[in-house]
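Here the structure is laid out as structure tokens; the discussion comes afterwards.
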Amino acid sequence: MLDKRTILSVDDLEVVLHTAVGDLKAVRGTSFDLKAGEAIGIVGESGSGKSMTALALMRLLPRVARLRANAIALDGVAIDTANDREFAHSIAGQKISMIFQEPMTSLNPVYSIGRQLTEAAVQFAGLSPKVARARAIELLERVGIPDPVGRLDQYPHQLSGGQRQRVMIAMALMNEPELIIADEPTTALDVTVQAQIMELLAELRREFGMAMILITHDLAVVASTVDKVAVMYGGEIVEKGPCHEVLANPMHPYTRGLLACVPRMDGTPRRLGAIPGIVPALLGEVDFCVFSSRCAHVRDICRTQRPPIQGDGQRSYNCILSPDEIDTLPPAQPNEEMSPPMVETGPALIEARGIHKFYRDRKGLFGKTRTLHALDAVSLQIRRGETFALVGESGSGKTTLAKILLGLSPADGGDVLLDGEPVNAMDARKRARLMQPIFQDPYSSLNPRHTIAQIIARPLDVHRIGDTASRKQAVLDVMTRVGLPERVLNNYPSQMSGGQRQRVAIARALIMKPALLVCDEPTSALDVSVQAQILNLLADLQQDLGLTYLLITHNIAVVHQVASRIAVMHQGRIVEMGEARKILRAPEHDYTRLLLSSVPELAAAGSNNQ
Amino acid sequence: MTISTPADLPAASEAKTPTPRALMLRRALEHKGFIAGVVIVGTLILVALLAPWLAPHDPFAQSLPHRLLPPVWAEGGNWDYLLGTDQVGRDYLSRLIYGARVSLTIGFGAALIGMMIGVTLGVCAGYFGGWVDHSVSFLLTAQLALPGLLLAMALVFIIGPSVWVVIGIIGVLHWTYFLVVTRSATQRLRSQDFVAAARAMGATRWQILRTEILPNLSSQIIVIFTFELGISILAESSLSFLGVGIQPPTPSWGLMIAEGKQALFYRPWLVILPGVSLFLLVIGANLLGDGLRDITSPQGRN
């Protein structure tokens, strides 16, 4: 690899955001090199500065941001000195291409696929429309879009999310760029599609000899796709090196903590590690270790001095601890094994019998009615005290089922029995005492106009339980349970982090002391380290309060971590149901097998690249 | 096992967070537009309330010897009549001061009536959807298709003009903005998870509308309210100008402009003065509304 030329070299990149409260250095002193055909993964949680780095390279920074760098060179030519016009003409889209996260919004809905694909090539690369069209067809075929000629005249809404992302990739390849920047390219996609897209990117990279920067929060995705990895935290690269080395033998306390937070698919699930706290906003000059506020091994000197960079150009980390000292640190993940409660007998707490749901939609007043069979004879039983996981991809009907189970939407056939009673005929108060939901997005599940105290006490309010004093006491009790400090009582949701908000949502659900929590993707909007905190919290609450969980998720690793039994949903049907361990180890249905084989695994790093 | 080790706790944000009220006050004091709006609207309200004490003359007292005096700064003006007099010799300053009463009453009254109608219909249409939405949308289309001023003129003509009739009619004709804005905002809010959470905790529709939906509409409602406040005052002016609004001798700014138009070319102050007052009130109301929105919006709470 050493003889390959360096495609991209970034030296001391800095991005400063001018905010109302002061200057925020979103990226500080970031340097890395990339050789032809090499892929680097930039990993970090939200707010770590990874996307800012990508946007800075593409000059797509928001208006309040200022960019500074010692040097940014593409194939030996400085690109940070080019003016914006030159950059837009000859670099962006020509030599560097970008793939964005949201395929639903990154294509313009009013132009045909063909026009969007060929526009830049005709405008800037000087291809004739005919040649550009031929190349577009060739590329669409290459990225695995069936009937590419026909597709050229179609519009983005006629394509699925995975297909749109393939089109985006084809568009990025139109001008044979030397570097592709992919910012969370598969985060919005289903896991089976994610696997295909990642594989496609890897193949294309080999075929065209492009370098790639993959930006992601998902360590497992990095593990199976890139050569080297840079871990970012608080705007800095805290550790970098060859992918398998960093993942198998992390040095920086943050990397160690982060890896301990990731639920693994192999072996018995263990309690997840936790990085306490949240990413701090670092205003002004930072003359201390960025991780010092959350580090378990922090020393006084870390708070007053920048940590030294240890290691060589290949593998380095920024920490005061020497490699020998790091070797002696206790493991970041506790050794405590988790055993999801297995409940073999007993009556069902909630039972669904032959649920059907249809969605009808009619185009215009006189159009034909189309019927979508969203749920097809779904039956399941959840016993008191267990964790039942409903697994499936988007469109499988799992959220529709959850709404029906919660009594929020009527079924078109079949019944739901909660504690032996039909859920629709039940008194709202009684239902609320038996079952409470926790939603995916803690940003939309809390009323932004209410304080935390009001939000948590709301169920008591609705049912007129207790007086002001007893309500306040109940709120404080439940806040202690979920680990919320008392001082946030009068905060508004917008003042809290995602993890804290999800704790508030859990507290609100718990205040009625329900038996069953229906958690719809409770952690998928959260960072890995926050996900670990919430998963641990849910496990603790179950142990202490004997709660029953219905967990709805697409994340197989989370299922492996917490579920006792699972049901796999596909196109409105349950295709496989049973004990979690058995199904995850020996799936019987073809779809379950496909699903499991698509899950990216951390362990893959070692085997693939060594 | 303990529930959460201290290390598990989310860390404190760097600075201690001040109470929401203190934050709001601070934002209010930093918001120049809001302060200007408060000062303008506050002064006008005070002037209207204290009219009997502030007005130097009786606004209805005619004095033909003193008719059409110019303001004090113009040639021939005198200090007895600071802003001059009108065609029948009534003190113009006193009439402006009393006119503030009528204009403000009509502005607030009509905007309030419009708000009640528009917000009720908009929230119902947005939340319930289906046939409710269809009927409300039909009503909206019907209202939009009618020429407002003509309708108002016809109604006033039929019912008979008085301040309260004018308020009622202007209010009943100015709810469309409230409806359009609250309807779409409610549709958006309805699909939010916190509404689903409220339903799951057994909240009734009324409880959901009152505590989950309405508070989130407040900033939009405030903005539309101050906007409609200005529009209603202008509508009153148009009606009065056309002779079917406030009836003489009651002083109203719109009426004063109407009465002044005959003398527009040789006594322009008769039109300019009430015009400027009207302009100030409308600007003040809009500044106030925009300021309130910026100050109370939860986005600003970050």
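Screening region A:145-174 for residues that are among the small types (Gly, Ala, Ser) and part of a helix (DSSP H, G or I) and picking the one that is surrounded by the fewest Cβ atoms within 10 Å (Cβ to Cβ) gives A:GLY150.
For region A:571-593, the candidate set comprises residues that are out of contact with any Asp or Glu (no Cβ under 8 Å at 6 or more places or on another chain) and crowded, with 21+ Cβ neighbours inside 10 Å; within that set, the residue that is nearest to A:ALA374 (Cα to Cα) is A:ILE574. Evaluation of A:ARG85 against the conditions (1) within 26 Å of the chain's Cα centre (by Cα); (2) without any contact (Cβ under 8 Å) to a residue 40 or more places away in the chain shows that the sole unmet condition is (1).
Only one of A:THR468, A:THR480 is away from every other protein chain (no Cβ under 11 Å) and not acidic (Asp, Glu). Can you tell me which?
Exactly one residue qualifies, and that residue is A:THR468.
The residue that is nearest to A:GLY114 (Cα to Cα), among those in region A:159-189 that are touching a Ser or Thr at 6+ places or on another chain (Cβ under 9 Å) and among the small types (Gly, Ala, Ser), is A:ALA172.
In this entry, A:VAL558 passes the filter for residues that are part of a helix (DSSP H, G or I), under 25 Å from A:THR192 (Cβ atoms) and either free of Cβ contacts under 8 Å to residues at least 12 places away in the same chain or more than 10 Å from chain B (Cβ to nearest Cβ) (or both).
Search region A:217-235 for residues that are over 20 Å from A:LEU204 (Cα atoms) and pair each with any residue that is of a type in the set (Phe, Trp, Tyr) when their beta-carbon atoms are under 8 Å apart and the residues are at least 6 apart or on different chains. Every condition considered, the pairs that remain are A:ALA230/A:PHE32; A:VAL231/A:TYR254; A:TYR233/A:TYR254; A:TYR233/A:PHE291; A:GLY234/A:PHE291.
Please find, among A:ARG294, A:ARG306, A:ARG264, the residue that is under 19 Å from the mean Cα position of the chain (by Cα), in a loop (DSSP other than H, G, I, E, B) and surrounded by fewer than 24 Cβ atoms within 10 Å (Cβ to Cβ). Lay out the reasoning, then the answer.
Values: A:ARG294 fails: under 19 Å from the mean Cα position of the chain (by Cα); A:ARG306 fails: under 19 Å from the mean Cα position of the chain (by Cα).
Being under 19 Å from the mean Cα position of the chain (by Cα), in a loop (DSSP other than H, G, I, E, B) and surrounded by fewer than 24 Cβ atoms within 10 Å (Cβ to Cβ) holds for just one of A:ARG294, A:ARG306, A:ARG264, which is A:ARG264.
Residue-level check: of (1) exposed (fewer than 14 other Cβ atoms within 10 Å of the Cβ); (2) in contact (Cβ under 8 Å) with a residue 24 or more places away in the chain, B:LEU121 misses just (1).
Rundown of residues vs (1) free of Cβ contacts under 8 Å to residues at least 24 places away in the same chain; (2) crowded, with 20+ Cβ neighbours inside 10 Å; (3) small (Gly, Ala, Ser), yes/no style:
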{"residue": "A:PHE388", "(1), (2), (3)": "no, yes, no"}
{"residue": "A:VAL391", "(1), (2), (3)": "no, yes, no"}
{"residue": "A:ALA402", "(1), (2), (3)": "no, yes, yes"}
{"residue": "A:SER470", "(1), (2), (3)": "yes, no, yes"}
{"residue": "A:ARG481", "(1), (2), (3)": "no, yes, no"}
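Give region A:265-287 a look and list any residue that's aliphatic (A, V, I, L, M) and facing chain B (nearest Cβ under 8 Å), or say none.
Listed by number, the residues that qualify are A:ALA274, A:ILE278, A:ALA281.
Annotation note: Cβ proximity below 8 Å between a residue of region A:426-443 that is more than 9 Å from chain B (Cβ to nearest Cβ) and a residue that is surrounded by 21 or more Cβ atoms within 10 Å (Cβ to Cβ) and acidic (Asp, Glu) (sequence gap 6+ or interchain) occurs for no pair.
Entry remark, region A:14-45: residues being at positive phi, out of contact with any helix residue (DSSP H, G or I) (no Cβ under 8 Å at 6 or more places or on another chain) and modelled with pLDDT of 80 or more number 1 in total.
Applying the set (1) part of a helix (DSSP H, G or I); (2) over 15 Å from the mean Cα position of the chain (by Cα); (3) among the aliphatic types (A, V, I, L, M) to A:VAL568 leaves exactly one unmet item: (1). Inspect region A:95-103 for any residue being surrounded by 15 or more Cβ atoms within 10 Å (Cβ to Cβ), more than 23 Å from the chain's Cα centre (by Cα) and at pLDDT below 85 and give the result as yes or no. No, every residue in region A:95-103 fails to be surrounded by 15 or more Cβ atoms within 10 Å (Cβ to Cβ), more than 23 Å from the chain's Cα centre (by Cα) and at pLDDT below 85.
Per this entry, A:GLU285 is counted among residues that are closer than 28 Å to A:PRO308 by Cβ and outside any strand (DSSP E or B). Among the residues of region B:221-260, those that are over 20 Å from B:LEU93 (Cβ atoms) and charged (D, E, K, R) comprise B:GLU228, B:GLU236. In region A:504-519, is there at least one residue being within 11 Å of chain B (Cβ to nearest Cβ), free of Cβ contacts under 8 Å to residues at least 60 places away in the same chain and surrounded by fewer than 20 Cβ atoms within 10 Å (Cβ to Cβ)? No, the conditions are met nowhere in region A:504-519.
Each row is one residue, and each column tells you yes or no for (1) modelled with pLDDT of 90 or more; (2) assigned to a helix (DSSP H, G or I); (3) on the phi > 0 side of the Ramachandran plot.
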residue	(1), (2), (3)
B:VAL72	no, no, no
B:GLY89	no, no, yes
B:ALA111	yes, yes, no
B:ALA125	yes, yes, no
B:VAL136	yes, yes, no
B:LEU140	yes, yes, no
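The values are calculated or read from the model by the stated rules, or taken from the named source; none is laboratory data. Everything numeric here is computed off the predicted structure, so don't read it as measured data. Cβ atoms come from the backbone with ideal geometry, glycine included; neighbour counts cover every protein chain shown.
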